C-alpha cells in the first residue's frame, strides 16, 4: 500500500506504476486496454450527471434556506441541515453494508499508521465552505455572479492542482487543449448569465468584491476533489463521503454559532408533510462526494471540474425554464452549448496525455 503523503512522494510511485503498466496496454494482445477505453468514454457523461446533481441540490438548499428564515444564519442553517441529513444516510449505509464499513475501518487504520496524512482528511471543510458561501453571498450577488465566481475559481485552480499532482492520478501536464477547455468553459458560463450581470439592475463594486468568497470556495472545490480521490484509493468512495460529511458538519456547526453575531432570524424547520423533498439535498451531496471521489482518477481534477460545470449549467437552464425562476433567452442557451464544447475540448486533451 503506497504512502499518500506529500505530493512529491506519491509522484514517484505513480510514475513508476504508469511506466510498468503502459507497455502491456499498448500491446495488441493486451486485455485491459478496451476496458480502459470504455471507462474513459463512460466517465465523461457520468461526471456531467454529477454536475446535474449539484444544480438540483443548490435549488433544494436555497428553498430550504428561505423556509428556515432570513439572512446569513438561515443560509448556514440550511447547509448544516443538509450535511446532517447526509451524514445520517451515510451512517445507515455503513451500518448495513459490509463494504463501506470495512472502508471506514481502513480509513481509521491508514490515519493511525501515517499512510494518510491528516490534511488529506480536510476535504469536507471545502464542501462546507461552498454551501455556506452560497447562503452568505447569493442574496446579495445573485446566483449568476455566484456561479461565475465558483466556476472561475474551480477551473483555474484545477489546472494548478493537476499540475502539482495532488490527485490520485498524479501530475498532469497543463497542455494547450486543457487550458483552452478551461477558458472556453469559464467564458461560456459568463455568456450564460450575462443578461443577469448587466443592465439597469446590474451589480455594483461592493457586490463584485463580495464575489471573492465564492471565487475562493470554487478554488477549494478542486483541492477537495483531489484529496478525496486520494482518500478513496485507500478507503473507498463511501468512507470518503463519511469523512467529508463529518468534517464538514463540524465546520458548519462552528460557523452557525458564529452567525449569532450577524443579523437574521431562524424559524422552525418545515415538516415532512409540507416539504420532505427539501431534505434531499444531503443525500444528493452524498452521491456527489462518492461519485467524484471515484471518477477523479479517470481524467483528473480539471476534466472532472469541467464536466461538473457542464452538468450544472445545463441543468440550471432546464430548472429555470421549468420553474420560471429566470428567463431562458438565446444567450443562456448559447452559453450552455459552448460549455459542452469546452468540456469536450478538455476531455479530448486529457485522453491524449
*Find how much the distance from residue 267 to residue 323 grows on full extension, using 0.36 nm per residue of separation minus their present alpha carbon separation; answer in nm with one decimal.*
17.7 nm
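Averaging over all projection directions, find the projected area of the Cα convex hull of region 43-111 and quote it in nm² with one decimal place.
6.8 nm²
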*asked:* Using Cβ counts within 10 Å as a stand-in for footprinting exposure, how do 274, 320 rank, fewest first?
replied: 274, 320
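Hey, with R₀ at 51 Å, roughly what FRET efficiency would residue 260 and residue 41 work out to, going by the Cβ-Cβ distance, to 0.05? Walk me through the intermediate numbers first.
Working: r = 50 Å, r/R0 = 0.99.
The computed FRET efficiency comes out at 0.50.
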*asked:* Testing the spin-label approximation: label points 7 Å from Cα along Cα→Cβ at residue 212 and residue 108. State their distance in nm.
replied: 4.2 nm
*Gain upon complete extension [residue 117, residue 66; 0.36 nm per residue less C-alpha separation]*: 14.5 nm
*Go through 250-260, 79-89, 61-71 and give me the packing order, highest mean Cβ count within 10 Å leading.*
79-89, 61-71, 250-260
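Mind sorting 307, 280 by how few other Cβ atoms lie within 10 Å of their own Cβ, fewest first? Before the final figure, lay out each step's value.
Values: 307 28, 280 18.
Fewest-to-most ranking of 307, 280: 280, 307.
Here, each number is a calculation from the coordinates, and none is a lab measurement. A quick note: this is a predicted structure, and the numbers were derived from the prediction, not measured. Here Cβ is always computed from backbone atoms with ideal geometry, including for glycine, and neighbour counts include all displayed protein chains.
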